[in-house]
Amino acid sequence: MERKKTIGICGGGQLARMSAYQAYKLGFDIAILEKEKNSPAGQICKNEFVGWVNDEETVKKFAAVSDVISLENEFVDFKRLEFIESLGKKVVPSSKVISLIQDKYIQKKTLAKKKIPTTRFLEIIAGDSYESVSQQLGGKFILKSRKMGYDGYGNALVKDAKSFNSGMEKLKSRQSDVYAEQFIDFKMELAAMVSRTKKETKIYPVVHTIQENHICKIVIAPAQLHKRLIKLAEEISIAAVEAVGGYGIYGIELFLTYDDKILVNEMAPRPHNSGHYTIEACKTSQFENHIRSIMNLPLGSTEMSAPFAVMINLLGKKNGNGILHNYNKVLLNENVHLHIYGKEKSRPGRKMGHITLLGENLNLILSQARRIEKQIII
Ligand SMILES: Nc1ncnc2c1ncn2[C@@H]1O[C@H](COP(=O)(O)OP(=O)(O)OP(=O)(O)O)[C@@H](O)[C@H]1O
Ligand SMILES: [Mg+2]
């Protein structure tokens, strides 16, 4: 008997949760593999597997109920994905794509090889010093963990020998090799989501992202830039996905420099924080196109259905239980779209939810969104 198709997701955080809503909408089931029970996505799915990718028995059970497997982050060692593929399961994005992305140094090399503009970079090897690196990258540069960096945790800004040494010390504890990247004094950070199947490629509007303390805080859609620059950003984003041979959905983070160059900062092979606004502001959300692309279905329109959208992340402001107490106040503005991820613990800086406002007057929705964000203590 034919059974409903199930999409397995390695990871059970907010990206998996929002993808799951869209999978159910289309009539598919979801299976979640996560280290702990009751993850944001695990809570809403009946197929919850507790364990991680190195636990072969659990992975086999997870793979057995899944028709296709996807990921919510790029941190799953590509060799573990090869194992899942060896069980005869399709993985999107594939182990090959992840092998080109999860090590940021290899990612940069892959992009550079295809002549995609990116920041200058350099492998850090034993014996390197502030002098040896600054000779090639300039006096100010960033040390980055090659693997497992997120929300800036794997980065260290260097401007002299002292910060080089302390940066190396800080990153050493992350058990990953390190590379260095030229510091970009950017005018603006941009991002774009690209959805790609074997049959088609669609790009969402290029957005302006504002990070505070290395974490994405605000997204403005669409970015207020000259058409020529938007087109360039779109071309570079699509080329980046093609460079890794990627299918599924990708978030491309970009720098716009003062001399109007666009450089790729990094790419993520999954739904991305800069695309959360698409849930309400685009004809098809990034999460729905994520599911469609995994299932190799026709992609939905990526056009906006409102002139402007503003998304603000709700970062934890205290150590708590992740429960919002003033829904009545927050939802008083009838245009606010509130998302709370259901995490069982909040801590300062942790992504606990987001809000999106749509409208015709960008400055108005931006100030309203900022005001509402201040009211949310979670
Ligand atoms: N080469 C650079 N020059 C200037 N600023 C940079 C550079 N690389 C990173 N940054 C700043 O630090 C932020 C986080 O860096 P990056 O994207 O490498 O880290 P991440 O830990 O993967 O972050 P996230 O998970 O938020 O994407 C960037 O969005 C940007 O604001
Ligand atoms: Mg980033």
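Taking only the range 103-131 into account, find how many residues are more than 22 Å from V76 (Cα to Cα) and surrounded by 15 or more Cβ atoms within 10 Å (Cβ to Cβ).
Matching residues across the range 103-131 total 11.
If you scan the range 40-81, which residues turn out to be within 22 Å of the chain's Cα centre (by Cα), surrounded by fewer than 18 Cβ atoms within 10 Å (Cβ to Cβ) and not basic (K, R)?
Q43, I44, W52, N73, F75, D77
With the structure loaded, tell me whether G275 is more than 24 Å from I203 (Cα to Cα), modelled with pLDDT of 95 or more, touching a helix residue (DSSP H, G or I) at 6+ places or on another chain (Cβ under 7 Å) and among the small types (G, A, S) or whether it fails that test.
Working: more than 24 Å from I203 (Cα to Cα): no; modelled with pLDDT of 95 or more: yes; touching a helix residue (DSSP H, G or I) at 6+ places or on another chain (Cβ under 7 Å): yes; among the small types (G, A, S): yes.
It is false that G275 is more than 24 Å from I203 (Cα to Cα), modelled with pLDDT of 95 or more, touching a helix residue (DSSP H, G or I) at 6+ places or on another chain (Cβ under 7 Å) and among the small types (G, A, S).
Quick check on my filter: what residues within the range 199-241 are within 15 Å of the chain's Cα centre (by Cα), under 23 Å from Y153 (Cβ atoms) and either surrounded by fewer than 20 Cβ atoms within 10 Å (Cβ to Cβ) or among the charged types (D, E, K, R) (or both)?
I210, Q211, H214, I215, K217, I218
Count, please, the residues in the range 133-158 that happen to be of a type outside the set (A, V, I, L, M, F, W, C), surrounded by 15 or more Cβ atoms within 10 Å (Cβ to Cβ) and assigned to a helix (DSSP H, G or I).
1
Do we find that L263 is within 16 Å of ligand 1 (Cβ to nearest atom), in contact (Cβ under 8 Å) with a residue 60 or more places away in the chain, buried (at least 22 other Cβ atoms within 10 Å of the Cβ) and not in a loop (DSSP other than H, G, I, E, B) in this structure?
Details: within 16 Å of ligand 1 (Cβ to nearest atom): yes; in contact (Cβ under 8 Å) with a residue 60 or more places away in the chain: yes; buried (at least 22 other Cβ atoms within 10 Å of the Cβ): no; not in a loop (DSSP other than H, G, I, E, B): yes.
Answer is no for this residue.
Within the bounds of the range 287-295, is there any residue that is within 16 Å of ligand 2 (Cβ to nearest atom), hydrophobic (A, V, I, L, M, F, W, C) and surrounded by 24 or more Cβ atoms within 10 Å (Cβ to Cβ)?
Taking the range 287-295 and keeping what is within 16 Å of ligand 2 (Cβ to nearest atom), we get none.
Within the range 287-295, not a single residue is within 16 Å of ligand 2 (Cβ to nearest atom), hydrophobic (A, V, I, L, M, F, W, C) and surrounded by 24 or more Cβ atoms within 10 Å (Cβ to Cβ).
If you take the residues of the range 154-170 that are out of contact with any Phe, Trp or Tyr (no Cβ under 9 Å at 6 or more places or on another chain) and within 16 Å of ligand 2 (Cβ to nearest atom), which of them is nearest to Q136 (Cα to Cα)? Quick ask: steps written out before the conclusion?
The first filter runs over the range 154-170 and keeps only residues out of contact with any Phe, Trp or Tyr (no Cβ under 9 Å at 6 or more places or on another chain), leaving 154-155, 166-170.
Adding the requirement that they be within 16 Å of ligand 2 (Cβ to nearest atom) leaves 154-155.
Working: G154: 21, N155: 19 Å.
Here the answer is N155.
Just one of (1) assigned to a loop (DSSP other than H, G, I, E, B); (2) away from ligand 2 (no atom under 16 Å from the Cβ); (3) buried (at least 24 other Cβ atoms within 10 Å of the Cβ) trips up P271, so point out which.
P271 satisfies all of (1) assigned to a loop (DSSP other than H, G, I, E, B); (2) away from ligand 2 (no atom under 16 Å from the Cβ); (3) buried (at least 24 other Cβ atoms within 10 Å of the Cβ) except (2).
In contact with a helix residue (DSSP H, G or I) (Cβ under 6 Å, 6 or more places away or on another chain) and of a type in the set (S, T, N, Q): does that describe S145? Steps first, answer last, please.
On the way: in contact with a helix residue (DSSP H, G or I) (Cβ under 6 Å, 6 or more places away or on another chain): yes; of a type in the set (S, T, N, Q): yes.
Yes, satisfied.
Scan the range 241-260 for residues that are touching a helix residue (DSSP H, G or I) at 6+ places or on another chain (Cβ under 7 Å) and either in a loop (DSSP other than H, G, I, E, B) or among the β-branched types (V, I, T) (or both) and report the count.
7
Given the conditions (1) touching a residue at least 12 places away in the same chain (Cβ under 8 Å); (2) farther than 18 Å from N313 by Cβ, and given that L364 satisfies all but one, which numbered condition is not satisfied?
L364 satisfies every listed condition except (1).
If we only count strands (runs of 3 or more DSSP E) wholly inside the range 159-204, which ones have 1 or more residues that are touching a Ser or Thr at 6+ places or on another chain (Cβ under 8 Å) and farther than 30 Å from I294 by Cβ?
178-182, 186-196
So I238 clears everything in (1) more than 13 Å from ligand 1 (Cβ to nearest atom); (2) assigned to a loop (DSSP other than H, G, I, E, B); (3) closer than 18 Å to R196 by Cβ except one condition, right? Which one?
(2)
The values are calculated or read from the model by the stated rules, or taken from the named source; none is laboratory data. Computed from a predicted model, the values in this text were never measured in an experiment. Because the Cβ atoms are built from the backbone with ideal geometry, glycine has one as well, and the counts that use them run over all protein chains shown.
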